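The values are calculated or read from the model by the stated rules, or taken from the named source; none is laboratory data. Keep in mind that this is a model prediction, so the values were computed, not measured. Glycine gets a Cβ as well: all are built from the backbone with ideal geometry, and neighbour counts include every protein chain shown.
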Amino acid sequence: MTPPFIMYNHMVMEKISATPSQPILDAFFAALADPTRRAILTRLADGAASVNELAAPFAMSQPAVSKHLKVLERAGLVERDIDRQRRPARLCAEPMGAAVRWLEEFKGFWSSSFDQLDGLLEELKQAETKGANRE
């Protein structure tokens with residue numbers, strides 16, 4: 001196992017320990033970085049589809065769609081079956097669960113940030129109201 005590395009939270013400059021990201025998460029987020037691959041996943045949420053069916057709404061060749069499918073397969077988001085001449089692709093949601101669990105770790109940070117923002121907005125409103133009352 002690779003030892004953890006040290007990084008700093010730039011908001012408060014506190015030292016935090018982090019472990020290198022998991023390869024499945026790296027592949028997942030890399031696969032989602034492309035809008036075409038996200039569109040393919042959205043289509044596959046409706047059910048399995050062939051490369052021809054997936055290529056139809058795009059202005060790209062079937063080989064280009066196949067390349068996108070290979071990236072999605074490596075990320076574990078798509079599985080391909082063999083059905084006579086076709087190789088229909090279908091969505092696999094399991095890696096999405098791993099990503100959601102990883103993102104959940106940041107929920108406390110975002111909640112705290114939003115609470116701080118709410119407090120600041122309330123202070124600004126009160127200051128604005130006091131300024132308007134003086135006039």
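Can you name every one of the strands (runs of 3 or more DSSP E) wholly within region 7-99 that holds 2 or more residues which are at pLDDT below 90 and not assigned by TED's automatic domain parsing to the domain that holds S113?
Numbers: elements: 14-18, 78-80, 89-91.
Fully inside region 7-99 and qualifying: 14-18.
Take region 20-49 and flag every residue that is surrounded by 14 or more Cβ atoms within 10 Å (Cβ to Cβ) and of a type in the set (A, V, I, L, M).
Of everything in region 20-49, those that are surrounded by 14 or more Cβ atoms within 10 Å (Cβ to Cβ) and of a type in the set (A, V, I, L, M) turn out to be I24, L25, A27, A31, L32, A39, I40, L41, L44, A48, A49.
Here is a check on your reading of the model: is F58 surrounded by 10 or more Cβ atoms within 10 Å (Cβ to Cβ) and more than 17 Å from R37 (Cβ to Cβ)?
In short, no.
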